[in-house]
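K.L.:
Following this message is one structure expressed as structure tokens.
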Amino acid sequence: MIQLDSVRFGYTRQRTIYDGLSLTLPPGAIYGLLGPNGAGKSTLLRLLSGLLFPKKGSVRVGPHTPGERKPAFLEDVFLVPEEFYVPPVSIRAFVQSNAPFYPRFDHTQFTGYLAEFGLPDTQKLSEMSYGQKKKVLIGFGLATNTSLLIMDEPTNGLDIPSKSQFRRLVAGVADEHRTILISTHQVRDLETLIDPVVILGEQSNGSMGVALNASVEAITDRLWFGLVPDLAGLPPVLHSERVVGGYAVVTENHPDSLAGQRSSRLDLERLYNAVQAHPARIRQLFAQQPQTYARS
């Protein structure tokens, strides 16, 4: 269980990123963390991994306080950062030096990931492209088998086939004992992988807070995603954009409307835009009890 309670954090006194941030993430899911540039997504990941410390409030990951950086916590969490440094050594040497810090590291599993990505373990990290280095760190992180795996923009630098490989590999390690938290701007890359979805948005006090924390099922229960020829006669529209053939929309999903009579498929990009445009209404909708009408 990840639990943030009334967290306050800022890098300077003049700019507070979080002021009263509260968030609960039960274990055993692949969470997607979305938010605007500068919203503090990477900051949140570093608070969870013990690299930053809240000014006020508390952060808990299972039984641990990350900021205490106790060995029992550090061996059970792994962070794949967006920006990283790798030493000028071979993949094999990197694993030999770092794997002992993770008691559940599986060498056979890691070798399989290297084969999947087409990377020989004799290759030097310093001679690899950014995307290849990212693959090594992703594979290493998956093979640690930590209870918490955090990834910051993991698909940056990956080509299209590698993104498909990434989704398959991450889905393959997900279980009820492992929590995976992925921060991304590349929502199309991860649309079929992440569930639940956490979206950060600006609060009335100017700091960032949780505008949405919901499962895909809950999102498609309360919101409708579709293509319509015009905007007339729709329930409240939270987002619309002109596309070929009409408008792509996100509306409130009222059971007595045309939208409410049809199921829809989540569109993460349009969901994100709807949340940023109407954060207060989104919070209100998802604070309500789920609707119970039948779908066709």
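The values are calculated or read from the model by the stated rules, or taken from the named source; none is laboratory data. Predicted, not measured: the structure shown is a model, and the values here were computed from it. So basically every Cβ, Gly included, is an ideal-geometry build from the backbone, and we count neighbours across all protein chains shown. Areas reflect the complete protein model, heavy atoms only, side chains present, ligands, DNA and RNA absent. Shrake-Rupley method; radii C 1.70, N 1.55, O 1.52, S 1.80 Å.
K.L.:
Kindly provide the set of residues from segment 6-23 that are under 12 Å from SER58 (Cα atoms) and either among the hydroxyl-bearing types (Ser, Thr, Tyr) or open to solvent by less than 60 Å² (accessible area, probe 1.4 Å) (or both), ordered by number.
P.N.:
Matches in segment 6-23: SER6, VAL7, PHE9, GLY20, LEU21, SER22, LEU23.
K.L.:
With respect to ARG60, is the statement that it is under 30 Å from TYR272 (Cβ atoms), surrounded by fewer than 20 Cβ atoms within 10 Å (Cβ to Cβ) and modelled with pLDDT of 95 or more true?
P.N.:
So ARG60 fits the description; yes.
K.L.:
Please work out if LYS163 is part of a helix (DSSP H, G or I) and within 19 Å of LEU33 (Cβ to Cβ).
P.N.:
So LYS163 passes the test.
K.L.:
In segment 107-126, which residues are open to solvent by less than 60 Å² (accessible area, probe 1.4 Å), within 16 Å of ASN145 (Cβ to Cβ) and either of a type in the set (D, E, K, R) or free of Cβ contacts under 8 Å to residues at least 24 places away in the same chain (or both)?
P.N.:
Hit for segment 107-126 is GLY112, nothing else.
K.L.:
Then there is this: Mind listing whichever residues of segment 76-106 are more than 21 Å from the chain's Cα centre (by Cα), assigned to a loop (DSSP other than H, G, I, E, B) and buried (at least 17 other Cβ atoms within 10 Å of the Cβ)?
P.N.:
If the condition is that a residue be more than 21 Å from the chain's Cα centre (by Cα), assigned to a loop (DSSP other than H, G, I, E, B) and buried (at least 17 other Cβ atoms within 10 Å of the Cβ), then TYR102, PHE105 are the ones that fit.
K.L.:
Moving on to the next point. For LEU33, are the conditions met, namely being open to solvent by 10 Å² or more (accessible area, probe 1.4 Å) and touching a Ser or Thr at 6+ places or on another chain (Cβ under 8 Å)? So that I can check it myself, show each step before the final result.
P.N.:
Numbers: open to solvent by 10 Å² or more (accessible area, probe 1.4 Å): no; touching a Ser or Thr at 6+ places or on another chain (Cβ under 8 Å): yes.
When the stated conditions are applied, LEU33 does not pass them.
K.L.:
Another question about this same structure. Within the group LEU142, LEU190, LEU158, which residue is open to solvent by less than 10 Å² (accessible area, probe 1.4 Å) and modelled with pLDDT under 95?
P.N.:
LEU190
K.L.:
Here's something else I'd like to know. Taking the conditions exactly as written (farther than 16 Å from TYR130 by Cβ and either touching a His at 6+ places or on another chain (Cβ under 9 Å) or free of Cβ contacts under 8 Å to residues at least 40 places away in the same chain (or both)), does SER164 satisfy them or not?
P.N.:
Taking the combined requirement at face value, the residue satisfies it.
K.L.:
If you take the residues in segment 107-134 that are within 23 Å of the chain's Cα centre (by Cα) and either outside any helix (DSSP H, G or I) or of a type in the set (Lys, Arg) (or both), which one is nearest to PHE73 (Cα to Cα)?
P.N.:
LYS134
K.L.:
Restrict the check to segment 191-204 and report whether at least one residue is closer than 30 Å to ALA143 by Cα, without any contact (Cβ under 8 Å) to a residue 40 or more places away in the chain and either in a helix (DSSP H, G or I) or of a type outside the set (Phe, Trp, Tyr) (or both).
P.N.:
Yes, segment 191-204 has at least one match.
K.L.:
Here's a follow-up. Looking only at segment 12-33, which residues are in a loop (DSSP other than H, G, I, E, B) and touching a residue at least 12 places away in the same chain (Cβ under 8 Å)?
P.N.:
THR16, ILE17, PRO26, PRO27, GLY28, ALA29
Rundown of residues vs (1) out of contact with any Cys (no Cβ under 6 Å at 6 or more places or on another chain); (2) modelled with pLDDT of 90 or more; (3) within 22 Å of ARG188 (Cα to Cα); (4) assigned to a loop (DSSP other than H, G, I, E, B), yes/no style:
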{"residue": "PHE225", "(1), (2), (3), (4)": "yes, yes, yes, no"}
{"residue": "GLY233", "(1), (2), (3), (4)": "yes, no, no, yes"}
{"residue": "ARG242", "(1), (2), (3), (4)": "yes, yes, yes, no"}
{"residue": "SER264", "(1), (2), (3), (4)": "yes, no, yes, yes"}
{"residue": "LEU271", "(1), (2), (3), (4)": "yes, yes, yes, no"}
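K.L.:
Looking at LEU137, LEU149 in this structure, which one is modelled with pLDDT of 95 or more, crowded, with 19+ Cβ neighbours inside 10 Å and not in a helix (DSSP H, G or I)? Full working, then the answer.
P.N.:
On the way: LEU137 fails: not in a helix (DSSP H, G or I).
Just a single option satisfies the conditions, and that option is LEU149.
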